[in-house]
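Have a look at the structure below before the remarks.
The values are calculated or read from the model by the stated rules, or taken from the named source; none is laboratory data. Keep in mind the model is a prediction, meaning the values are calculated, not measured. For neighbour counting, all protein chains shown are included, and Cβ atoms are generated from backbone atoms with ideal geometry for every residue, glycine included. We work out accessible area using only protein heavy atoms, side chains counted, and drop any ligands, DNA or RNA first. Shrake-Rupley method; radii C 1.70, N 1.55, O 1.52, S 1.80 Å.
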Amino acid sequence: MSVQDLQEISAGASSAIGTAAGAVQDYAQQASEAVTHTAVQAAGQVRAGYDEAERFVRGRPGESMLVCFGVGVITGAVIALSLRSR
């Protein structure tokens, strides 16, 4: 094998590595954009849910208090039962 053959092999490998690196970079950019888009959508949905809950509480404060009280009682009962079993 001559020096020229080694140089040609090296140049071919370098080109292949450059092409692969470019493909990986493109894929990483697309993945980053997809994650950003999904995060923006999720934030919008969370905000919409928060706004809906706020409207419900303002429209029905008595029912909201009863629901909170019920959740507190159930949570307390679950915690008491879990501590009792220890």
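In table form, for the structure just shown:
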| item | result |
| --- | --- |
| Count - residues of the range 53-67 that are in a helix (DSSP H, G or I) and open to solvent by 100 Å² or more (accessible area, probe 1.4 Å) | 4 |
| Residue within the range 68-80 that is at pLDDT 90 or above and open to solvent by 100 Å² or more (accessible area, probe 1.4 Å) present | yes |
| Selection count where residues are of a type in the set (Asp, Glu) and modelled with pLDDT under 95, scope the range 1-51 | 3 |
| Residue check, ARG47 surrounded by 10 or more Cβ atoms within 10 Å (Cβ to Cβ) and among the basic types (Lys, Arg) | yes |
